[in-house]
Amino acid sequence: MAKGLKENPDIKKPIKLMFMDEMRFGLISNYRRSWSKVGKRTVIANQQEYSNRYLYSAIDPITGDNFHIIGFNDVNAAITKTFLNALRKKYSEFHILMVWDNAPFHRKKELHEIDGITPVYLPSYSPELNPVERFYGEIRKITANIGKSHEK
C-alpha cells in the first residue's frame, strides 16, 4: 500500500504514518489495586457523576509525534472530521496515512474526502494493533484511584 501511495501522482508530499483512536474520559471512578499500611483500610474516593468528554489522539509510532484534542461531547463523523482537519493543519507538510479501527462513523464518505489524509482500517476487534490503545491504557493507569480526597 505504501508503495502504491508513493507512485500516486496526486501525492507529492512525504508520507507520515499515524494511528488514531478516541477514548471516553469521565468522572466515574477508575479503580486499581492499591497498597495501604498494615491494619489500615484503604480509602479510595468514589465519584458517581456521569459527566464525560472524549479524547481524540493520533500517534506516529516511528517518530513519537502525537496530536491530541480533548473536550468533545460525542464521537461521530462530524467531530472526527474536525479532529482530522486540525491534524492535517498541524502536519501540513506531510500526506498522512491514518490507521484506525472499524468504528461505523469512520466509514463515512466525508472522512475519505479530506485532502492530505488516506485512511487505512485495522482488522475488526484488534485493538492490540493500535499503539494509541496502549497510550490510553497508560492514561487509565495514571488516573486510577484518584479522587477528591485521595491521600498522597
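The values are calculated or read from the model by the stated rules, or taken from the named source; none is laboratory data. Computed from a predicted structure; not experimentally measured. Please note: Cβ atoms are built from the backbone with ideal geometry, for glycine as well, and neighbour counts cover all protein chains shown.
A few remarks follow.
- Taking every residue in segment 129-144 that is part of a loop (DSSP other than H, G, I, E, B) and pairing it with any residue that is of a type in the set (Asp, Glu), at least 6 positions away or on another chain, the pairs with Cβ-Cβ distances below 7 Å are Asn130/Asp21; Asn130/Asp101.
- Residue list for segment 95-104, filter: out of contact with any His (no Cβ under 9 Å at 6 or more places or on another chain), surrounded by 12 or more Cβ atoms within 10 Å (Cβ to Cβ) and under 18 Å from Tyr56 (Cα atoms): Ile96, Leu97, Met98, Val99, Asp101, Asn102, Ala103
- Of everything in segment 49-72 that is part of a loop (DSSP other than H, G, I, E, B) and of a type in the set (S, T, N, Q), the residue that is modelled with the lowest pLDDT is Ser51.
- Looking only at segment 95-104, residues that are among the acidic types (Asp, Glu) and assigned to a strand (DSSP E or B) come to 0 in all.
- For segment 106-133, filtering for residues that are more than 28 Å from Lys12 (Cα to Cα) and under 15 Å from the mean Cα position of the chain (by Cα) leaves 5.
- The one condition in (1) among the charged types (D, E, K, R); (2) modelled with pLDDT of 95 or more; (3) more than 28 Å from Ile142 (Cβ to Cβ) that Asp10 fails to fulfil: (2)
Rundown of residues vs (1) touching a Gly at 6+ places or on another chain (Cβ under 8 Å); (2) assigned to a helix (DSSP H, G or I); (3) buried (at least 17 other Cβ atoms within 10 Å of the Cβ), yes/no style:
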site: Asp74; (1), (2), (3): no, no, no
site: Leu84; (1), (2), (3): no, yes, yes
site: Lys89; (1), (2), (3): no, yes, no
site: Glu93; (1), (2), (3): no, no, no
site: His106; (1), (2), (3): no, yes, yes
site: Glu110; (1), (2), (3): no, yes, no
site: Val120; (1), (2), (3): no, no, no
site: Tyr125; (1), (2), (3): no, no, no
